[in-house]
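The values are calculated or read from the model by the stated rules, or taken from the named source; none is laboratory data. Every value quoted in this text rests on a predicted model; they were computed, and no experiment measured them. Note that each Cβ is placed from the backbone with ideal geometry, even for glycine, and that neighbours are counted across all protein chains shown.
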Amino acid sequence: MDEVTWAALTAVLTAIGAAWTFYAFRNRGAASGLRGAGLTLLPPAAWMTGTMEMFTEIGSSVVDWATSIVFSPVVWAGIVLAGISVVLLGTSAALRERAAGGAKEPGSGEVRGRKGSGELPPSKGTKGEPVIDDDLADIEAILKRRGIT
């Protein structure tokens, strides 16, 4: 589009904005009228700074890109390959986590696995006698003194 076309578009948008601003001031009050005035000044500002042309070029590029995606079998093949890649990577991570299942990670010195896997610590007491955790021994003694078992 040439310079005259941009100037005409700017003039039309500004005239529509001015009409709305006049209506807003008369019927809706000062706040709505000032908001309309601010919006009315945007098209001339965009024309003077060249951003109106820039946004239409960006829009045109996005439309060209989108139509090339929709109608290109090569692009669809690439999208399918990307999807397969994501599925394979996710499956690999799940299998690695499942296989680790508490085994030590080489060189890390820490045990891998899920927290709260339901495994109990090894028993310390003899058969028939309750196992008391060392941290809970004081609480157990207080409960016995109060007659709570």
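Pairs linking a residue in region 1-24 that is closer than 15 Å to residue 54 by Cα and among the aliphatic types (A, V, I, L, M) to a residue that is at pLDDT below 95 and surrounded by 13 or more Cβ atoms within 10 Å (Cβ to Cβ), with Cβ atoms under 7 Å and 6 or more positions apart or on different chains, are 7/47. Just the residues that are touching a Pro at 6+ places or on another chain (Cβ under 8 Å) and not β-branched (Val, Ile, Thr), please, taken from region 1-56. Scanning region 1-56 gives 9, 13, 17, 52.
Suppose we keep only residues that are over 38 Å from the mean Cα position of the chain (by Cα) and in a helix (DSSP H, G or I) within region 25-41. Which one would you say is nearest to residue 7 (Cα to Cα)? Selected residue: 25. Here residue 77 qualifies as aliphatic (A, V, I, L, M), over 30 Å from residue 5 (Cβ atoms), under 31 Å from the mean Cα position of the chain (by Cα) and part of a helix (DSSP H, G or I). On the given criteria, is residue 46 surrounded by 12 or more Cβ atoms within 10 Å (Cβ to Cβ) and modelled with pLDDT of 95 or more? No; evaluated as a whole, the condition is false for this residue.
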